[in-house]
Amino acid sequence: MRSGSFLLIAASLGFLFLYAPIVSLVVYSFNDSRLVTVWGGFTTKWYGELFKDVALVNAALVSLKVAVIAATLATILGTIAGFVLSRFGRFKGRLLFTGMVTAPLVMPEVITGLSLLLLFVGLEQATGWPAGRSATTIIIAHTTFCLAYVAVVVQSRLAGFDRSLEEAAMDLGARPLKVFFSVTLPIIAPALISGWLLAFTLSLDDAVIASFVSGPGSTTLPVEILSRVRRGVSPVINALATLIIVVVAVGFLIASLLMIRAERQRRRDEQKALAGK
């Protein structure tokens, strides 16, 4: 067997292993039978049942709210952390700072969730804030571990950054802050979009940490689904998962188009800068 044929077969089996369960989930969301493994005919009634399920819809809204806010905060803080690690060289406390930023990457989620729960309980007893577990505590927890991933992405992008563009802008009289927002930020925009999408996905998918820091009125979607799956998989869950897949696919397509546009703009800016020299 030729190596090309072997690679094609291996890749096909790999993609089949990854995407066959997702395809079957989408197909069975239109199953008329309540048994998710027995086909009973085509129907869309489970999508109607989904929007009648108040608890599930509320959990989905809480998860989306938390994911958007946490991803945005993580992108801002992670960009700052990545910039510091990439540009500031050696400074006092760098090892400690690096460890604090990257610790969530290797820390077990159970330990992270338990430590954050103890922190929130201690703060509540000392200051009265936060008053119980809510969406706010989930946002803080998700921002804490998501910013580590964003920092790694941004630091990697800045490591291969052509600093001659920044130097050219400063030679023309631009201040450092102006250079950052006008030159550096547009060039690393694809990395920021990638970091935001990664943080959004991690936050939306998290069940372990959220189970520690969430309260009765702020149950996230993964926690709600996990509690229901223990009693058996409902076709309503398949319908909800299908809608999430569609939303994520559309978001990924939009992000890809934005990244392509940003990359083209970066190349134009580099060509203009080189032509100006």
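Assorted remarks:
- Translational diffusion coefficient of region 6-81 (Stokes-Einstein, Kirkwood radius from Cα pairs, 25 °C, 0.890 mPa s): 152 µm²/s.
- Estimated translational D of the chain in µm²/s (Stokes, Kirkwood radius over Cα pairs; 10 °C; 1.306 mPa s): 73
- Percentage relative contact order, the chain, counting C-alpha pairs under 8 Å, at least six apart: 30
- Share of carbon and sulfur in the accessible area of region 58-234 stands at 68%, probe radius 1.4 Å.
- The equivalent ellipsoid that matches the C-alpha gyration tensor of region 199-276 spans semi-axes of 41, 16, 7 angstrom, in descending order.
- Dipole magnitude of region 1-160, debye to nearest 20 (Cβ charges: Lys/Arg +1, Asp/Glu -1, about Cα centre): 600
- Farthest positive-ward along the chain dipole, Cα basis, beta-carbon charges - from Val106, Gly4, Ser24: Gly4
- With contributions of -39500 (n - 2.57) from each DSSP H run of at least four residues, the per-residue ellipticity at 222 nm computed over the chain stands at -25500 deg cm²/dmol.
- For Thr37, solvent-accessible area (1.4 Å; no DNA, RNA or ligand), Å²: 110
- Per residue value of the accessible surface for the chain (all protein chains in place, 1.4 Å probe), Å²: 60
- Here the dipole of the chain is about 560 debye; that uses its Cα centre as origin and unit charges on the Cβ of Lys and Arg (positive) and Asp and Glu (negative).
- Each of Ala67, Ala168, Phe145 was scored by the projection of its Cα onto the charge dipole of region 58-234, and the greatest displacement toward the positive side belongs to Phe145; charges sit on the C-beta of Lys, Arg, Asp and Glu.
The values are calculated or read from the model by the stated rules, or taken from the named source; none is laboratory data. Since the structure is predicted, the reported quantities are computational estimates derived from the model, not experimental observations. Note that we place each Cβ from the backbone using ideal geometry, even for glycine, and neighbour counts take in every protein chain shown. For accessibility, only protein heavy atoms count, side chains too; no ligands or nucleic acids. Shrake-Rupley method; radii C 1.70, N 1.55, O 1.52, S 1.80 Å.
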